[in-house]
Amino acid sequence: MIHLSSPIIGPEERDAVLRVMASGMLAQGPEVAAFEEEFSAHVDGRICVAVSAGTTGLHLGMLALGIGPGDEVIVPSFTFAATANAVRLCGAEPVFVDIERDHFNIDPAAVAAAITPRTVAVVPVHLYGHPADMTAIGALAARHGLLVVEDAAQAHLASWQGMPVGALGDVAMFSFYPTKNMTTGEGGMVVVRDEAVARRLRLLRNQGMEARYANEVVGFNARLTDLGGAIGRAQLRKVEGWTATRKANAKTLDSRLAGVVTPPVAEGASHVYHQYTVRSADRDGLLEHLRGAGIGAGVYYPTPVHRLPSFGLSLDLPETERAAREVLSLPVRPDLTDEELETIVTAVNSHG
Ligand SMILES: *Cc1c(COP(=O)(O)O)cnc(C)c1O
């Protein structure tokens, strides 16, 4: 089976974990601090706060921005449920809008149409590693006084008009879950524009404490471990190379695949191909055909978030529904061999 994604762990990660084990400092400590510093270099020098998971990062990032009950936050429905869960966990209301036709990302026109006096924020998701249209989102946010929270869980090192994603909003979140473009086991990074917001976020991460046993607010335990931090530092040194290989693999697939719609890239976007996602009119047939050929293709996401039992809404979001019907992700991971790429191309192109 040519699997869709799995973490790439080498001797550097193993050595890093053993170094932390030997230090006796397993919880958040110097490795996490160094990881935050080093990650910051990839997001235009912004403040980085590591947390225990991406979802937690979105949740606490929104709390640190003051988002809460009575607030509406505009989100795409074509995403992973965590995007909307984080809004609801703040006590705010996710307002689901449609995506644009080409890149599976939130449609700025739909965002504009959904703004009410209660709207406080919008959450562009850089889905599959393709940046959302941050120029249009930024202009809307400025005009209506909205906060911008980037869900960059899938978009490490992606950029929009030359600027790294994560440095384009008020708060951004990157996930380090094992299937993402880099991992810490579980973990997330929150990128923050404003120092006062970063301070609130650090308090929320650590039981509301800055000075020990002088808790200022009611907080969480959302700390990343130093084991995770050390793994993350090793992964961060490799992610640029992995990203280049993902792009090269995508280019091969773009030029060779037939009978499916390959993923277009917007002008000024650097797509990091967390997923290489095609559209097919016969998606379920193609999926079955590929699985039969030993290819671990996957569907992200078969059900729009607003229709999941957890939200249970009935809305008219035609592009979202179309994407949920048509999308199929093919392996694009950086450790694919040329032979495996060839097998994928042959299998897709042999589907009748
Ligand atoms: C993975 C993911 C998350 C959640 O990240 P975790 O680290 O798994 O909590 C949120 N949003 C999107 C779009 C994701 O892909």
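The values are calculated or read from the model by the stated rules, or taken from the named source; none is laboratory data. Everything numeric here is computed off the predicted structure, so don't read it as measured data. With ideal geometry, Cβ positions are generated from the backbone for all residues, glycine too; neighbour counts draw on all protein chains shown. Side chains are part of the model used for accessible areas, which takes the heavy atoms of the whole protein and leaves out ligands, DNA and RNA. Shrake-Rupley method; radii C 1.70, N 1.55, O 1.52, S 1.80 Å.
General remarks:
Results for (1) open to solvent by 60 Å² or more (accessible area, probe 1.4 Å); (2) closer than 30 Å to Cys90 by Cα; (3) part of a helix (DSSP H, G or I), shown as yes or no for each residue.
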position	(1), (2), (3)
Leu4	no, no, no
Glu13	no, no, yes
Phe39	no, yes, yes
His42	no, yes, no
Ile67	no, yes, no
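- Residues (farther than 26 Å from Val239 by Cβ, among the polar types (S, T, N, Q) and loosely packed, with under 15 Cβ neighbours inside 10 Å) located in the range 304-344: Ser310, Ser314
- Exactly one residue out of Thr79, Thr135 is modelled with pLDDT of 95 or more, assigned to a loop (DSSP other than H, G, I, E, B) and of a type in the set (S, T, N, Q), and it is Thr79.
- Qualifying residues in the range 127-158 (those that are on the phi > 0 side of the Ramachandran plot and within 11 Å of the ligand (Cβ to nearest atom)) - the one surrounded by the fewest Cβ atoms within 10 Å (Cβ to Cβ): Tyr128
- Unmet requirement for Cys90, which otherwise passes all of (1) under 23 Å from Pro263 (Cβ atoms); (2) within 16 Å of the ligand (Cβ to nearest atom); (3) not β-branched (Val, Ile, Thr): (1)
- Leading residue by the ranking (most open to solvent (accessible area, probe 1.4 Å)) among those in the range 208-266 that are in a loop (DSSP other than H, G, I, E, B) and of a type in the set (Lys, Arg): Arg212
- Complete set of residues in the range 164-204 that are over 27 Å from Val218 (Cβ atoms) and more than 11 Å from the ligand (Cβ to nearest atom): Pro164, Val165, Gly166, Ala167, Leu168, Met182
- Looking across the range 18-37, the residues that are away from the ligand (no atom under 16 Å from the Cβ) and in a helix (DSSP H, G or I) come down to Leu18, Arg19, Val20, Met21, Ala22, Ser23, Pro30, Glu31, Ala33, Ala34, Glu36, Glu37.
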